[in-house]
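The values are calculated or read from the model by the stated rules, or taken from the named source; none is laboratory data. The shown structure was predicted, so the numbers you read here are calculated from the model rather than taken from an experiment. Using ideal geometry, Cβ is built from the backbone for each residue, glycine included, and neighbour counts are taken over all protein chains shown.
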Amino acid sequence: MPAHVLLIDSDQFFVTIFERALRDAGFQVSVALDGEEGLSLARRAEPQVIVTGLVLPKKDGFCVLEELKQSDATQEIPVVVFSELGTKEDVDRCFELGACDYLIKSQCAPADAITRIRKICGA
């Protein structure tokens, strides 16, 4: 059974490209386009890994990360932040909230991100 990745991001162009790359790499993928939908899907779909952006409608990625790590149902799911934000403060805050990895979109090709996701979920 392929590893299941939940992708939470509001950038439709990024979502289309990254979802296709994940599927081509053999992952099962669920997509949420805002933070609230992402939290709901995380609870229902039980993904092995969650990849989230930070700039999201309804609930930003920081809130999503914090709520995921505070919930018994989702706190053990590894969360990778894949964002356009790259300040030291943003990165540090994500790790403090429980992210297991942080990737900057402009500095990381989808293939490199997939390699890191494979290591995280053991695929």
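In table form, for the structure just shown:
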quantity: Residues of segment 37-70 that turn out to be touching a residue at least 60 places away in the same chain (Cβ under 8 Å) and either surrounded by 23 or more Cβ atoms within 10 Å (Cβ to Cβ) or out of contact with any helix residue (DSSP H, G or I) (no Cβ under 9 Å at 6 or more places or on another chain) (or both), as a count; calculated: 2
quantity: Filter result (out of contact with any helix residue (DSSP H, G or I) (no Cβ under 8 Å at 6 or more places or on another chain), among the hydrophobic types (A, V, I, L, M, F, W, C) and touching a residue at least 12 places away in the same chain (Cβ under 8 Å)) within segment 76-95; calculated: L85
quantity: Selection count where residues are of a type outside the set (G, A, S) and surrounded by fewer than 13 Cβ atoms within 10 Å (Cβ to Cβ), scope segment 11-33; calculated: 6
quantity: Per-region count, segment 96-106, residues more than 13 Å from the chain's Cα centre (by Cα), closer than 17 Å to V55 by Cα and without any contact (Cβ under 8 Å) to a residue 24 or more places away in the chain; calculated: 1
quantity: Number of the exception - A73 against (1) within 12 Å of the chain's Cα centre (by Cα); (2) free of Cβ contacts under 8 Å to residues at least 40 places away in the same chain; (3) closer than 20 Å to C121 by Cα; calculated: (1)
quantity: Selection within segment 12-68 - of a type outside the set (A, V, I, L, M) and part of a strand (DSSP E or B); calculated: Q28, S30, T52
quantity: Count of residues meeting criterion [at pLDDT 95 or above and either surrounded by 15 or more Cβ atoms within 10 Å (Cβ to Cβ) or within 14 Å of the chain's Cα centre (by Cα) (or both)] in segment 76-89; calculated: 6
